Amino acid sequence: MRDSDVVPVVLGDDEHQDILNNLILPEWTRGAVRQEQPVLIVVAGPPGSNKTGVADVIHAVLGRRGGAVRIGSDLYKHRHPRYTALVVEDDRTAGIRVRPDTRRWQAEVEEYVRRHRFDAVVESAAADPDQFRADALAYRASGYRIEVVAVTAAEALTQLRAVSRYLRERRHVSWENHDDCARGLLETLAIIESEQLVDQVTVVRPGIDFVYRSEVVSGAWLGEPAAAVRVVQTERWRPWSARQTAAFSTELYETQEQVHQPQVTRDQRLVVAGPIERARALAEPVRRIAQVRPDAPGVHYHQLSRGEHQWLYDELIAPSYLDGVTAQEEPVAVIVVGEPGAEVSRTANLVQRAMGSRAPVRLVYQDFEAFHPDSEQVCSEHPLSDGAEIRADVEAWMARIATALRGLRAHVIVESFPGSVQEVLGEAELYGSAGFRVDLVLLGARAADSRQATARIHARLQQRGVPSRYTSRTRHDQVRHTVAQLARIAETHPAIASVLVLGPDGDAVHRNERTARGGLTRPIRAAAALGGARVKPYTLTEANRFLTTHRALRAALPQHRDDLHRTLALAHPLMPAALRPPSLPCPARPLYLPVPLPGPLWGRDAEPPSHGMRGEHERSRHSGACERAGT
């Protein structure tokens with residue numbers, strides 16, 4: 001049923017005027033004072049946009065000038081003598097049926113306010129441009145300064161909150177009325193700016209978060225034409241953050257819980273079923289994508305919506321990587337592989353310098369991660385995680401840029417911290433099939449060095465106040481194992497043209513290259529070279545530097561001291577003997593001491609074992625004791 005199909009209940013003139021003069025005006029104009037320069041502030045927005053909350057704050061501030069009058073047709077419903085009975089009869093149409101009187105009361109209150117030059121705060125949907133123009137001209141003729149505060153919110157939220165208000169207060173707003181108000185506000189704002197009907201327009205979010213403001217200065221409207229309209233539209237369809245998506249999910253659940261309260265009738269449940277589904281559908285284009293997480297609350301919303309993911313790629317990522325790319329006749333892709341802390345970036349810098357003027361494009365996972373709007377939040381809230389919450393978007397961006405670069409035939413340097421061998425080999429195959437020469441660089445860092453390097457980077461960023469992630473031992477060891485597996489098979493893979501293994505000091509310890517006939521210039525020894533580089537002994541200078549850094553990290557990262565001590569334990573076997581911790585001497589072979597066996601062990605009538613058996617039993621017992629004692 002549309003609003004036009006509802007038959008209104010109209011009071012007689014005497015009853016109408018009696019309520020106005022004896023109830024409404026005394027209640028809502030109490031404390032207001034005449035102003036030399038009166039101010040009218042119109043709080044405009046569709047149902048469910050929290051106009052009342054915003055108007056409460058503005059009314060309190062404006063009231064400091066000596067008192068202000070609050071105006072709005074919804075404020076007068078309960079003064080209508082038939083309203084309560086109409087709500088009981090049909091709460092969906094009660095407000096519509098008393099609307100002729102409530103709107104007439106509002107017009108009369110406004111005329112009274114203008115005549116007495118009171119400050120006023122008006123709550124309005126501002127859905128009728130002609131009515132707004134007439135009201136603005138009347139206030140302007142009375143010498144008022146007029147300001148409009150437009151409250152903008154996602155339509156999914158306003159739709160859902162209108163349902164929640166109906167269940168709490170039985171104030172029904174059909175979705176047709178909701179949509180008409182949302183469209184009408186845009187039309188009114190366009191006319192306000194084009195005709196300069198007011199002195200100032202401000203756009204805020206429901207929490208009174210400032211978004212936009214423009215005003216008339218010296219007879220000229222500051223700002224671009226129809227800017228307020230564009231801002232309101234943008235805010236309505238602005239992609240949500242993870243927190244906003246979680247808040248909407250909670251609000252949706254609470255509204256559905258309200259629906260099933262005992263006091264809600266079956267008819268009321270049917271009334272709100274459609275608007276709730278509409279709110280859910282309106283949220284789909286802007287909400288984040290839910291993903292499962294292992295810890296409480298079991299789900300997170302850090303994966304971007306399709307629209308936000310695409311917008312970030314088109315506006316920020318693609319221009320950063322693809323603008324000005326130089327095509328090459330014989331493109332090269334260099335994949336630098338190592339565990340976190342293995343100086344992958346430093347090695348990539350050396351590779352880039354060696355390529356000279358050929359201008360390679362660097363692909364670094366952390367750089368793509370910085371484009372994600374939740375990267376800092378994830379680092380701050382989960383510093384020990386590996387960033388799995390945002391990985392889907394980051395990897396998708398990297399894959400699209402890599403595909404574009406292969407089409408453009410640009411030189412590429414990829415910094416890789418692979419979780420699996422197939423991740424690197426699959427990338428190499430893609431570049432190889434696109435006509436690229438693929439070179440692989442494997443970093444043979446000591447485990448203690450790479451672990452300490454990740455802690456050092458984390459401490460440095462923490463001191464600067466920059467959110468950073470502390471790489472877990474599990475993630476470090478997983479990548480390290482993958483690099484070792486890759487070294488065993490990379491030289492035999494047809495997509496890889498050369499394999500270079502670098503030692504802890506950056507020196508090349510092995511290089512193998514595929515000839516024009518497809519053979520290798522050297523024997524397959526990358527795995528042995530990598531293993532040898534990883535256990536290369538420290539020089540005295542390197543060991544002292546490691547220990548100095550360890551002491552500094554213990555002071556800077558007290559919460560990670562256990563992990564730092566385990567890292568130190570990895571370094572000790574490779575240090576010079578003078579810097580290793582002292583160890584207890586261990587006998588070359590276990591010592592067997594004779595221990596007499598108790599008599600009852602063999603029984604009263606049993607023969608004792610022979611000397612050989614007793615000696616063997618004693619040796620067995622002492623051997624077990626030595627093993628349990630760790631000697």
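Quick look at the numbers
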read-out: Among residues of the range 128-156, those that are under 23 Å from residue 190 (Cβ atoms) and either open to solvent by less than 30 Å² (accessible area, probe 1.4 Å) or among the aromatic types (Phe, Trp, Tyr) (or both), counted; value: 13
read-out: Any hit, the range 213-229, residues being in contact with a strand residue (DSSP E or B) (Cβ under 8 Å, 6 or more places away or on another chain), acidic (Asp, Glu), within 23 Å of residue 187 (Cβ to Cβ) and touching a residue at least 24 places away in the same chain (Cβ under 8 Å); value: no
read-out: Options 549, 541; residue that is among the hydroxyl-bearing types (Ser, Thr, Tyr), open to solvent by less than 70 Å² (accessible area, probe 1.4 Å), out of contact with any Lys or Arg (no Cβ under 6 Å at 6 or more places or on another chain) and in a helix (DSSP H, G or I); value: 549
read-out: Residue 454, sole failed condition from (1) loosely packed, with under 13 Cβ neighbours inside 10 Å; (2) among the polar types (S, T, N, Q); (3) in contact (Cβ under 8 Å) with a residue 60 or more places away in the chain; value: (1)
read-out: Filter pass, residue 460 being at negative phi, within 37 Å of the chain's Cα centre (by Cα), surrounded by fewer than 21 Cβ atoms within 10 Å (Cβ to Cβ) and at pLDDT below 95; value: yes
read-out: Those residues of the range 487-512 which are surrounded by 15 or more Cβ atoms within 10 Å (Cβ to Cβ) and part of a strand (DSSP E or B), in sequence order; value: 498, 499, 500, 501, 502, 509, 510, 511, 512
read-out: Residues within the range 54-108 that are under 21 Å from residue 43 (Cα atoms), in a loop (DSSP other than H, G, I, E, B) and at pLDDT below 90, tallied; value: 2
read-out: Meets criteria (open to solvent by 60 Å² or more (accessible area, probe 1.4 Å) and either in contact (Cβ under 8 Å) with a residue 24 or more places away in the chain or out of contact with any Ser or Thr (no Cβ under 7 Å at 6 or more places or on another chain) (or both)) for residue 91; value: no
read-out: Any strands (runs of 3 or more DSSP E) falling wholly within the range 267-382 and containing at least 1 residues that are under 30 Å from residue 444 (Cβ atoms); value: 332-337, 361-364
read-out: One residue from 434, 455 being touching a Phe, Trp or Tyr at 6+ places or on another chain (Cβ under 8 Å) and among the aliphatic types (A, V, I, L, M); value: 455
read-out: Residue that is of a type in the set (A, V, I, L, M), farther than 21 Å from residue 104 by Cβ, free of Cβ contacts under 8 Å to residues at least 60 places away in the same chain and open to solvent by 50 Å² or more (accessible area, probe 1.4 Å), where the choices are 68, 60; value: 60
read-out: Residues satisfying the stated conditions in the range 101-143, i.e. hydroxyl-bearing (Ser, Thr, Tyr) and in contact with an Asp or Glu (Cβ under 9 Å, 6 or more places away or on another chain); value: 102, 124, 139
read-out: Test set (1) closer than 30 Å to residue 561 by Cβ; (2) outside any helix (DSSP H, G or I); (3) in contact (Cβ under 8 Å) with a residue 12 or more places away in the chain - residue 449 fails condition number; value: (2)
read-out: Complete set of residues in the range 416-452 that are more than 31 Å from the chain's Cα centre (by Cα) and under 22 Å from residue 473 (Cβ atoms); value: 442, 443, 444, 445, 446, 447, 448, 449
read-out: Which numbered condition residue 237 fails, given (1) within 30 Å of the chain's Cα centre (by Cα); (2) over 19 Å from residue 44 (Cα atoms); value: (2)
read-out: All positions within the range 317-334 that are surrounded by fewer than 12 Cβ atoms within 10 Å (Cβ to Cβ) and aliphatic (A, V, I, L, M); value: 327
read-out: Count - residues of the range 96-110 that are open to solvent by 10 Å² or more (accessible area, probe 1.4 Å), in contact (Cβ under 8 Å) with a residue 40 or more places away in the chain and in contact with a Ser or Thr (Cβ under 8 Å, 6 or more places away or on another chain); value: 1
read-out: Pairs, first more than 19 Å from residue 573 (Cβ to Cβ) in the range 525-538, second buried (at least 16 other Cβ atoms within 10 Å of the Cβ) and among the charged types (D, E, K, R), C-beta under 7 Å, six or more apart; value: 526/491
read-out: Test result for residue 426, open to solvent by 10 Å² or more (accessible area, probe 1.4 Å) and either basic (Lys, Arg) or not in a helix (DSSP H, G or I) (or both); value: no
read-out: Selected residue (only one of 198, 173 is part of a loop (DSSP other than H, G, I, E, B), of a type in the set (A, V, I, L, M, F, W, C) and at pLDDT below 90); value: 173
read-out: Which numbered condition residue 195 misses (of (1) in contact (Cβ under 8 Å) with a residue 60 or more places away in the chain; (2) buried (at least 16 other Cβ atoms within 10 Å of the Cβ)); value: (2)
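So that you can scan it fast, the table gives a plain yes or no per residue for (1) open to solvent by less than 40 Å² (accessible area, probe 1.4 Å); (2) at pLDDT 90 or above; (3) out of contact with any strand residue (DSSP E or B) (no Cβ under 7 Å at 6 or more places or on another chain); (4) of a type in the set (Ser, Thr, Tyr):
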| position | (1), (2), (3), (4) |
| --- | --- |
| 296 | no, no, yes, no |
| 311 | no, yes, yes, no |
| 336 | yes, yes, no, no |
| 340 | yes, yes, yes, no |
| 347 | yes, yes, no, yes |
| 356 | no, no, yes, no |
| 361 | yes, yes, no, no |
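The values are calculated or read from the model by the stated rules, or taken from the named source; none is laboratory data. Just so it is clear, the model here is predicted, and its values are computed rather than measured. Note: ideal-geometry Cβ built from the backbone for every residue, glycine included; neighbour counts use all protein chains shown. When the accessible area is computed, the model is the full protein with side chains, heavy atoms only, and any ligands, DNA or RNA have been set aside. Shrake-Rupley method; radii C 1.70, N 1.55, O 1.52, S 1.80 Å.
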